[in-house]
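> I have a structure here, written as structure tokens, and I will follow up with some questions on it.
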Amino acid sequence: MAIDTAKSSFHGLKGLTQRTEGRVRDVLSGKTRGWRAMLPFFGPAVIASIAYMDPGNFATNIQAGAGYGYSLLWVLLGANLIAMLFQALSAKLGIVTGRNLAEMCREQYPLPLVIVMWIVSEIAAMATDLAEFLGGAIGLSLLAGIPLLAGMVITAIVTYAILMMERHGFRPMELLIGGFVSVIGLCYAVELFLAPTDWSGVAVGLVTPGFADHTALLISVGIIGATVMPHAVFLHSGLTQSRVKPNDDRERRMMVRFSNIEVLIALAGAGLVNMAMVVMASNAFHAGHPEVAEIETAYHTLTPLLGVAASAVFLVSLIASGISSSVVGTMAGQMIMQGFVGFRIPVLVRRLVTMVPAFAVVALGVGATQALVMSQVVLSLALPIPMIALLHFTSKRSLMGEFVNRPITILAAVAAAIVVLALNFTLLAGVFGLL
């Protein structure tokens, strides 16, 4: 069948190593229990969590913290909870059906609709990778004092080299991405100790909804747009395909349960990193430099305020974010393309498809931060496709069987989708001067 062909082509990355697959089988058979049973299942949500710590998040979180202190932390908390819900649904779809979201769209929807969905999703994947590619280039450019184009070349080479690790199995890739996540988290843990934090103010900001003004609303929409990402929703369902295939519903239940735990842990960690970004920006800029809104400005302002160490740690986290999210963005684009069209595209071609727009944007003189903003607008336009399709498929008993969404899950997902989509339309209206 066409679906099986597409799925096997995605599995050209060889899946798990034999050692990890054996450990997964030991857990499913009951030989391994306790906390060690979780370890072989960690990976998909960790990779997806990179989407929630990409350079787009850096830009919106800096704006939020510099301009409004801790008062928009509640927005991050809400966005993170919504992301957890949709990533869990995406993983469940892949585990239960053995298909990723793009493949399900191709199988279930009419061809004209599939073509439109593929084109929009492909543009979104390119826009996502453009932003992430630029993020790594900005970090390298500032850290090494090299031109932005040179930073882009280095980022491209490093990203492609990491993608080649897929030839050795997918588990090493999961561990490497997990290492990048750890670096980003550690960097922001250090940042919090370099400037005094009002923890009571942080607590108030987390539980007190409200907008100081219209700009705060638009920044909040940007935070949500940078958090709930179309490519991450597509990708998570595909990542489960590179793992052990369940033999029956008992094993599916176990895998869904482990997946939900991993989503909770991985995205909670990503949420804490985002909150640390806002807190750092508030501590460093809110009192004296609330106008800071760009990554480059934040870097140059950090040095006189908190010292060279603070600015260096900031750049290390940005480079780790840019490179790792560029890798994940390319993986998502590959999966989206072959899921919709049914055949595999070589990684080099996929990388070039992403690199060419990025180099074109810089060559045309478009500012890096402006390009990041433009990418968020494109993502806002594309977001309804994976959200609505995912909710539709996971709510169909004919596809999901006993794993179909419960009424309370459907209600929560519909409410979350309405909120996210309404806020994204608000962002688009603001960008185009309608608000």
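The values are calculated or read from the model by the stated rules, or taken from the named source; none is laboratory data. Because the structure is a prediction, the values reported are computed rather than measured. No Cβ is skipped: glycine too gets one built from the backbone with ideal geometry, and neighbour counts run over all protein chains shown.
> Please specify each residue of the range 89-138 satisfying the condition of being hydroxyl-bearing (Ser, Thr, Tyr) and not in a helix (DSSP H, G or I).
Quick first cut of the range 89-138, residues hydroxyl-bearing (Ser, Thr, Tyr) only: 90, 97, 109, 121, 128.
Within the range 89-138, just 109 meets the criteria.
> Restricted to the range 291-312, and to residues that are among the aliphatic types (A, V, I, L, M) and farther than 15 Å from residue 196 by Cα, which residue is modelled with the lowest pLDDT?
Initial filter on the range 291-312 (among the aliphatic types (A, V, I, L, M)): 292-293, 295, 298, 302, 305-306, 308-310, 312.
So of that shortlist, the ones also farther than 15 Å from residue 196 by Cα come out as 292-293, 295, 298, 308-309, 312.
Values: 292: 66, 293: 58, 295: 73, 298: 75, 308: 73, 309: 74, 312: 81.
Of everything passing the filter in the range 291-312, 293 is modelled with the lowest pLDDT.
> Of all the residues that make up the range 149-172, how many are among the aliphatic types (A, V, I, L, M), in contact (Cβ under 8 Å) with a residue 60 or more places away in the chain and either surrounded by 17 or more Cβ atoms within 10 Å (Cβ to Cβ) or not in a helix (DSSP H, G or I) (or both)? Lay out the reasoning, then the answer.
Here is the first cut: in the range 149-172, the residues among the aliphatic types (A, V, I, L, M) are 149-150, 152-154, 156-158, 161-165.
Okay, now just the ones that are also in contact (Cβ under 8 Å) with a residue 60 or more places away in the chain, so 149, 152, 156, 158, 162-164.
Filter again for either surrounded by 17 or more Cβ atoms within 10 Å (Cβ to Cβ) or not in a helix (DSSP H, G or I) (or both), leaving 152, 156, 158, 162-163.
The number of residues fulfilling the criteria is 5.
> Output yes when any residue across the range 210-217 is among the hydroxyl-bearing types (Ser, Thr, Tyr) and within 29 Å of residue 59 (Cα to Cα), and no when none is.
Keep residues of the range 210-217 that are among the hydroxyl-bearing types (Ser, Thr, Tyr), which gives 215.
Retained after the next criterion (residues that are within 29 Å of residue 59 (Cα to Cα)): 215.
Checked the range 210-217: at least one residue is among the hydroxyl-bearing types (Ser, Thr, Tyr) and within 29 Å of residue 59 (Cα to Cα).
> Of all residues in the range 192-216 being in contact with a Leu (Cβ under 6 Å, 6 or more places away or on another chain) and in a loop (DSSP other than H, G, I, E, B), which is surrounded by the fewest Cβ atoms within 10 Å (Cβ to Cβ)? Working first, answer last.
Residues of the range 192-216 that are in contact with a Leu (Cβ under 6 Å, 6 or more places away or on another chain), as a first pass: 194-195, 205-206, 211.
Adding the requirement that they be in a loop (DSSP other than H, G, I, E, B) leaves 195, 211.
On the way: 195: 17, 211: 15.
Filtering first and then ranking leaves 211.
> Among the residues that make up the range 250-263, is at least one of them surrounded by fewer than 18 Cβ atoms within 10 Å (Cβ to Cβ) and touching an Asp or Glu at 6+ places or on another chain (Cβ under 9 Å)?
yes
> Identify, by number, the condition in (1) within 19 Å of the chain's Cα centre (by Cα); (2) loosely packed, with under 15 Cβ neighbours inside 10 Å; (3) small (Gly, Ala, Ser) that residue 189 doesn't meet.
(1)
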